[in-house]
Amino acid sequence: MHLKELTLNNYRNYQNISLKFDGGRILFVGRNAQGKTNILESIFLTCTGRSHRTPRDSELIRWGQDSCYVKVLVERRVGYNSIEVFLSLKDKKRIKINGVTIQKLGQLMGHFNAVIFSPEDLRLVKEAPSERRRYMDMEISQMKPQYFYNLQQYNRILAHRNNLLKEMNKNPEAKKMLAVFDEQLSEVGAFIIKQRYEFIESLSKIAREIHARISSGAERLDIKYRPSIRASSLDAGDIRKEFFAALEKNKSEDIQRGSTGVGCHRDDIGFEINGVDVRVFGSQGQQRTVALSLKLSDIELMYRETGEYPVLLLDDVMSELDEWRHRRLFEELGDVQVFVTATDLNSIPPRELEKFHIYEVEEGKVTKR
């Protein structure tokens, strides 16, 4: 999978640019606040329909304008995909795939896959569980669009259930509806939990191999899924029953609190090196190496699931990694197309720099060297 063309119109600080990419390694270099990250953000937008930096589409529209447009042309094994995203302050978001408007965001998933690695991801290991859940959801959705549909449905049902719990303190009659939402939440939640279990199991095996190479065999990395609801088996029916039983057990607390205390929205991921919790006891260097192993594992897992390598987006992480991790990163990339942002050329090892096509970014203008 290779990105061949990118067009931006009134996106962030870009008025109108059109770029073509011939190589597998692309470097955007320039001072801070010139628009380098905006380019990578726009690419990721065409993969998932959402920014990785903000939930508000209005922030993506150039100041003083009422709409923006992003288009990519992606080369795949079976041909080319054209993806267009239209954002407006007045209308709903519109997305076209090969000229045809899609009706649901989930229809976009899988047409163009990318793994993004930013300074925030270096803190993924020690940040709040919500960041790790977001990571899981983002990666699984690209490989399995059905997961994205179920996740949207789960969040809608959860919102309805929470609203009902708040109402029950004032209106006891609302309790009759609670069982209905519990059934629905258990059904959809069981699907999500099963997919997360399988994703982490596959990811952990790959990450263990990659991390062993990066650490020269000194460290064993284990990634563990920590669900709010412990399943005795991976059978969807069993998970659904245990999910429903957990909701029933916590019903009184949920009513008192006015929110749902157990479920997929409470899940987490654990990272261990040689049996020790990295989040609690790991050094900063170990935490960064785990994050690096995690992203490289995403690439390999997507390849195994889809038969194509995703595009890798490295957003200003080169300055955060030492020379040793630089070398390990590029050794693992192989033929993956990679887009990198950096403030200067010194952040790329000299022998790797010669392989890059370099684009200079200044005040919303992009010039190829």
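The values are calculated or read from the model by the stated rules, or taken from the named source; none is laboratory data. Predicted, not measured: the structure shown is a model, and the values here were computed from it. Ideal geometry is used to build each Cβ from the backbone, glycine not excepted, and the neighbour counts take in all protein chains shown. SASA here: full protein model, heavy atoms, side chains in, ligands and nucleic acids out. Shrake-Rupley method; radii C 1.70, N 1.55, O 1.52, S 1.80 Å.
Key figures for this structure:
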item	result
Ranked order, I223, I255 - accessible area, probe 1.4 Å, largest first	I255, I223
Cα-Cα P(r), the range 7-145, percent of pairs per 5 Å interval	2, 8, 18, 22, 21, 16, 10, 3, 0
Protection proxy ranking, peptides 95-102, 132-139, 308-315, average beta carbon neighbours within 10 Å, highest first	308-315, 132-139, 95-102
Whole-number D in µm² s⁻¹ for the range 160-208, Kirkwood Cα-pair radius fed into Stokes-Einstein, 4 °C, 1.567 mPa s	100 µm²/s
Residue-normalised accessible area of the range 42-180, given per residue in Å² at a 1.4 Å probe	51 Å²
Relative compactness, the range 225-269, computed as alpha-carbon Rg over 2.2 N^0.38 Å	1.17
Sparse-neighbour loop sites [trypsin sites (Lys or Arg not before Pro); the range 5-68; at most 13 other C-beta within 10 Å; DSSP]	R31, R56
Computed P(r) (all Cα pairs; the range 194-253; 10 Å bins; percent)	21, 35, 24, 15, 6, 0
Where the Cα pairs of the range 284-369 fall when distances are cut into 5 Å bins, in %	3, 12, 23, 24, 17, 12, 8, 1
Listed peptides 75-82, 181-188, 331-338 by packing density, highest first (mean Cβ within 10 Å)	181-188, 331-338, 75-82
Under 28 Å from the Cα of K170 - lysines, other chains or at least 8 residues apart	K249, K251
Dipole magnitude of the chain, debye to nearest 20 (Cβ charges: Lys/Arg +1, Asp/Glu -1, about Cα centre)	780 debye
Cα pair distances exceeding 15 angstrom across the range 149-255, given as percent	69 percent
Heavy-atom accessible surface of the chain: percent carbon and sulfur, 1.4 Å	46 percent
All lysines inside 23 Å of K4 as judged from Cα atoms, apart from same-chain residues fewer than 8 positions distant	K20, K36, K71, K96, K295, K355, K365, K368
Cβ-defined net charge surrounding Y69, 11 Å radius [Lys, Arg +1; Asp, Glu -1]	+3
Positive-end extreme of charge dipole, the chain - chosen from F330, N163, F244 (charges on Cβ)	N163
Helix axis angle, 175-214 relative to the chain longest principal axis, alpha carbon, degrees	40 degrees
Cα centroid separation - the range 70-91 against the range 1-65, whole Å	12 Å
Computed accessible area, H357, all protein chains, 1.4 angstrom probe, square angstrom	60 Å²
Acute angle (nearest 10 degrees) that the helix 284-306 long axis makes with the longest principal axis of the chain, alpha-carbon atoms	90 degrees
Per-selection Rg to Rh, the range 259-307 - Cα, Kirkwood hydrodynamic radius	1.12
0 to 90° range, to nearest 10: angle between helix 145-168 axis and the chain longest Cα axis	40 degrees
Mean Cβ neighbour count within 10 Å, used as a protection proxy, ranking 38-45, 291-298, 243-250, 140-147 highest first	291-298, 38-45, 140-147, 243-250
For the range 127-144 and the range 289-362, distance of Cα centres in Å	20 Å
Net charge contributed by nearby residues that have their C-beta within less than 14 Å of R123 (K/R +1, D/E -1)	-1
Per-residue [θ]222 nm for the chain (sum of -39500 (n - 2.57) over DSSP H runs n ≥ 4, rounded to 500)	-14000 deg cm²/dmol
Dipole axis of the chain (+1 Lys, Arg; -1 Asp, Glu on Cβ), positive-most option in G24, I97, N81	I97
Geometric extent, Cα atoms of the chain - Rg, Dmax (angstrom)	22.0, 71
Sequence-distant aspartates and glutamates (8 or more away, or on other chains) whose Cα lies within less than 15 Å of K241	D182, E183, E187
Translational diffusion coefficient (Stokes-Einstein; Kirkwood radius from C-alpha pairs) of the range 43-96 at 10 °C, 1.306 mPa s, in µm²/s	132 µm²/s
Where only C-alpha atoms are counted, convex hull volume of the range 72-174 per residue in Å³	180 Å³
